[in-house]
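Here the structure is laid out as structure tokens; the discussion comes afterwards.
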Amino acid sequence: MVENSIPKEIEELNAEGKGRFHLKPASESTEFPFSCHPGVSCFNACCKQIDVLLTPFDVVRIKNRLGIRSDEFLQKYADLQNFKNTSLPLLKLRMVEGERCAFLSDAGCTIYENRPVVCRNYPTGVATKSPDEKAGENSYFIIEEEMCKGHFEKGKWTIPEYKTNQGSTELDQLNQPWLEIVARLKSLTLKDDQDQKMNIFIMVSYDLDAFRSFVFNSSFLDRFDISVDTVERIKSSDEELLKFGFEWLKFALFAEGSIHPRK
Ligand code: SF4
Ligand code: SF4
């Protein structure tokens, strides 16, 4: 399976694919045939030797599904890897013995209801915009891989229809502020405080239990002007804490956003 959340230069990636896969440019109205179900001859083939990039909401939902802390999830199931030629750390699902996803069983995905966005969106991908590109209709692509027979099954979708069917529309919206932060970090030249900033990025993005401890077990709430309502909200909900974390990242990385030090 090809990563389906980052690429922009489609031609370049097609060249890298050298016949193993082809990325077909698409728009929101492009229709494509696709269906994946246990009856396809390739069932489970795409969950082996793959790159699955994880978003913060993927990590929270999967670790809660497994009933473990975020640091345990990171230790057992994922690896940090710098994105291409940058020092931006992104998180990938670790393959068992380098071969297959740890959540794969003969009957399919054991965390299906909480599977990552990348798995939900396959075989579609969005071509990310640079921070200076204007908002507007997204550019997409359809990933056509030799091993995937879903393209020859019945079913016809536009990309928004497919994403809604797979339950990724809401996750995309929740992750959007983080994706904007990632796009900015990719194009930013970080300076002397790079390591410190990247550690903050990793903590908020992937280790929510550490971020909770940072907020509630340090002088954070004394130093920053956070409303009582917000404190109550982030205390009782992981998803609210993560949304708050994205806002905190804007302050910590770019000195922007709605969180301010107390005067
Ligand atoms: S999380 Fe599930 S769908 Fe995604 S690669 Fe693993 S087994 Fe496959
Ligand atoms: S049809 Fe494609 S997505 Fe479905 S199991 Fe086969 S390879 Fe994976």
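Since every read-out is calculated from the coordinates, none of them should be taken as a lab result. Quick caveat, the model's predicted, so the values are computed rather than measured. Note that each Cβ is placed from the backbone with ideal geometry, even for glycine, and that neighbours are counted across all protein chains shown.
Values for this structure:
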read-out: Over region 10-167 - Rg/Rh using Cα atoms and the Kirkwood inverse-distance radius; value: 0.95
read-out: Gain upon complete extension [L80, E170; 0.36 nm per residue less C-alpha separation]; value: 29.9 nm
read-out: Residue of V59, V117, V215 that the Gaussian network model of the chain assigns the largest fluctuation, springs spanning Cα pairs under 10 Å; value: V215
read-out: Spacing of the two label points (7 Å from each Cα toward its C-beta) at F216 and H151, in nm; value: 4.9 nm
read-out: Environment charge of L174, counting only residues whose C-beta is closer than 12 Å and scoring Lys/Arg +1, Asp/Glu -1; value: -4
read-out: Neighbourhood charge, 15 Å Cβ-Cβ cut-off, centred on E113 and excluding it, Lys, Arg +1 and Asp, Glu -1; value: +3
read-out: Cβ-placed point charges (K, R +1; D, E -1), dipole of region 178-263 about Cα centre in debye, nearest 20; value: 240 debye
read-out: Simple Cβ-charge dipole of the chain, Lys/Arg +1 and Asp/Glu -1, about Cα centre, in debye nearest 20; value: 220 debye
read-out: Pairs beyond 30 Å (Cα-Cα), from K24/K197; K63/K156; K156/K250; K24/K84; value: K24/K197; K63/K156; K156/K250
read-out: Three semi-axes of the equivalent ellipsoid, region 181-254, Cα gyration tensor, whole Å, largest first; value: 23, 13, 11
